[in-house]
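Engineer: One structure coming up, written as C-alpha cells, with questions to follow.
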Amino acid sequence: MGHSLGCVLLTGSTGYIASHTWLALEAAGRQVVGVDSLVNSSAVVLDRLVSLSGGQPKHFIKGDVRDAQVLDACFDLAAKQGRPITAVIHFAALKAVGESVEKPLEYFDNNIGGLISVCRAMERHGARTLVFSSSATVYGQPERLPITEDAALRATNPYGQTKLIGEELLRELERSDPRWRIGWLRYFNPVGAHPSGQIGEDPRGIPNNLMPYVAQVAVGKRTHLNVFGQDYDTPDGTGVRDYIHVCDLAEGHVAALRYLDEQQRSLTVNLGTGQGYSVVDVAQAYERASGKAIPLVYAPRRAGDVAACYADPTLAETLMGWKARRGLDDMCADSWRWQSLNPQGFEG
Ligand code: NAD
Ligand code: WQD
C-alpha cells in the first residue's frame, strides 16, 4: 500500500491465459503492456479486450520475445508513458506436449531461449520481479496425491523439460542476485473462459486438451469424444485432473504479483482447486451446461498420461490469500458461452 506500482509486461499476452490475466490486472488497477508473436494467438483478442474494459486502449507490440529489440521496445513504450515496467509475467511459450516430442529443438529454443531473453531484458532495464508460467507437468507421475509443492520434480517429455529447466534457471538467477523476486506458478488444468463469452481458448487444428475437444463436440464440429483409457486406478477408470477456471487462474497472477511486491520475497505455489474430476465427469458436466449430447467412444490410453493429478492448493491460500472460487459447472458454462458465440474462434 502507498507506493505506486509500475506497469506489468505480459509476454504471450494475446494467448489464452494471458488475455484473461490482462483483464484481471486492469481490474486491480495495474497498467499493462503486452507482447506476442501471434504464433499461437490472434490479434482480434486485442479488440475484444478493449471492448471488455470499456474502451480502454491496449499497449501491445507484435514480436518474438527472443528478439532483444522487441523487448527493449516494450520497456521504452511503458517508460514513455511515465509508467516504467517493474514486473513481467512470462507466459510466452509453446505448449503442445505431442508436438514437443516431434520438434524438441523448437521447444527448447522458444521456451528456454525466450526465458533467457526476457531475464536479460529485465536486467538491462532494472526490473527484477518475474512471474513464470510453470505447470503441474513438472511433477511427472506424482508419488502422492494431492500434490504439494515439495514433491519430487521430473519431466516426461520435451515440453515438460522446458518448464523444469526454466524453473531451475530461475532458481540459479535468484541465488546469483537476491534482488530478484520470482513467482513460480504451477498451473494445473486451466479451462473455461471469460463469462462474457468474448475471449476464451481457441486452439488451432484438432484440440489436444479435453475441454476444448468436448466444446467442439457440443457445438457440432466433432462427432464424439475419444476417452483415452478406461482402466486407470480411478473411481470410474478414466483419468482424473484438477481443472481450474481461467479467471481464477488470472486472479492468482494478480495475487502473486501483490505478494512479490508487498512481501519482497519469492514464491512457489500450485494453482489448482484441489478437486479432481474424471473425463466422464467433465463430459457429463458439459452436457448439463450446453444441453448437448457428448457421445463417448472409449479408446486406448494416450502415451505419457498419468491416472490422476490434482493439487494441494493450501500453500497459495496461506501465502497469498488466493483460492479458486469457481466450480466445474461454471467452467463448463463459460466454456460453452465462448464456444457457442464463437464457433470458429477469433478468426470466424
Ligand atoms: P497460449 O498458446 O494460448 O499462449 C501462449 C502465447 O505465447 C501465444 O499467444 C503465443 O503466440 C505466444 N508465444 C509463444 N512463443 C512466443 C515467443 N517466442 N515470442 C512471443 N510470443 C510467443 O497458451 P496458454 O495456455 O495461454 O499458456 C500460457 C503459459 O502457461 C505457457 O507458458 C504454458 O506453457 C503455460 N501453461 C499452460 C497450461 C495449459 O494447459 N494451458 C498449463 C500449465 C502451464
Ligand atoms: C485431461 C484428461 C486425458 C483429450 C496437459 C499437459 C500439461 C498441461 C495441461 C501445460 C486426460 C483425457 C484428453 C481427449 C481424453 N499443459 N482426454 N480425450 O494431459 O492433464 O495436461 O495440459 O503445461 O502439461 O500435459 O490435459 O486436457 O490433455 O487431458 O480422454 O480428447 O482428458 O487422457 O486424462 P493433461 P488434457
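Engineer: Collect residues whose amide H, placed 1.01 Å from N in the peptide plane, falls under 5 Å from the amide H of I85; neighbours closer than 5 in sequence don't count.
Structural biologist: C7, A79
Engineer: Which value, in Å², gives the accessible area per residue of the range 255-348 when a 1.4 Å probe is used on the protein heavy atoms?
Structural biologist: Roughly 49 Å² per residue, with all protein chains present.
Engineer: Among the lysines, select those whose C-alpha is under 17 Å from the C-alpha of K221, and discard any that sit fewer than 8 residues away in the same chain.
Structural biologist: Partners found: K292.
Engineer: Restricting the count to DSSP beta bridges whose residues both fall in the chain, what percent are antiparallel, rounded to a multiple of 5?
Structural biologist: 5 percent
Engineer: For the chain, build the convex hull from the C-alpha positions and give me its volume per residue in Å³.
Structural biologist: Roughly 125 Å³ of hull volume per residue.
Engineer: Under a point spin-label approximation (7 Å from Cα along Cα-to-Cβ), what is the S53-E262 distance to one decimal in nm?
Structural biologist: 2.2 nm
Engineer: Rolling a 1.4 angstrom probe over the protein chains, ignoring ligands and nucleic acids, what is the accessible area of I182 in square angstrom, nearest 10?
Structural biologist: The accessible area comes out at roughly 0 Å².
Engineer: Additional query: Taking the chain as a Gaussian network, where each spring joins two C-alpha atoms under 10 Å apart, which residue of G98, G200, G63 fluctuates the most?
Structural biologist: Looking only at G98, G200, G63, the biggest GNM fluctuation is shown by G98.
Engineer: Still on this structure, I have one more. Leaving out ligands, DNA and RNA, and with a 1.4 Å probe, what % of the accessible surface on the chain is carbon or sulfur?
Structural biologist: 49 percent
Engineer: Taking 20 °C and 1.002 mPa s as the conditions, I'd like the Stokes-Einstein D for the range 14-75 in µm²/s, using the Kirkwood hydrodynamic radius from alpha carbon pairs. Intermediate values should be presented prior to the final figure.
Structural biologist: On the way: Rh = 12.0 Å.
For the chosen part, D equals 178 µm²/s.
Engineer: Further question: Multiply the residue gap between K62 and L315 by 0.36 nm, knock off their C-alpha separation, and tell me the result in nm, one decimal place.
Structural biologist: So the extension gain works out to 87.5 nm.
Engineer: May I pose another question? Report, in whole Å, the centroid distance computed from the Cα atoms of the range 217-262 and the range 101-149.
Structural biologist: 19 Å
Engineer: Taking square-rooted eigenvalues a ≥ b ≥ c of the alpha carbon gyration tensor, is the range 175-243 rounded, prolate or oblate, where a/c under 1.5 means rounded and, failing that, a/b exceeding b/c means prolate?
Structural biologist: Verdict is oblate for the range 175-243.
Engineer: First select every other residue whose beta carbon is under 13 angstrom from the beta carbon of H194; then total the charges, Lys and Arg +1, Asp and Glu -1. Before the final figure, lay out the partial values.
Structural biologist: Working: positive: R48, R326, R337; negative: E26, E201, D202, D248, E251, D330, D334.
Within the 13 Å Cβ shell, the charges total -4.
The values are calculated or read from the model by the stated rules, or taken from the named source; none is laboratory data. The shown structure was predicted, so the numbers you read here are calculated from the model rather than taken from an experiment. Ideal geometry is used to build each Cβ from the backbone, glycine not excepted, and the neighbour counts take in all protein chains shown. These area figures cover heavy atoms from the full protein model, side chains too; ligands, DNA and RNA do not enter into them. Shrake-Rupley method; radii C 1.70, N 1.55, O 1.52, S 1.80 Å.
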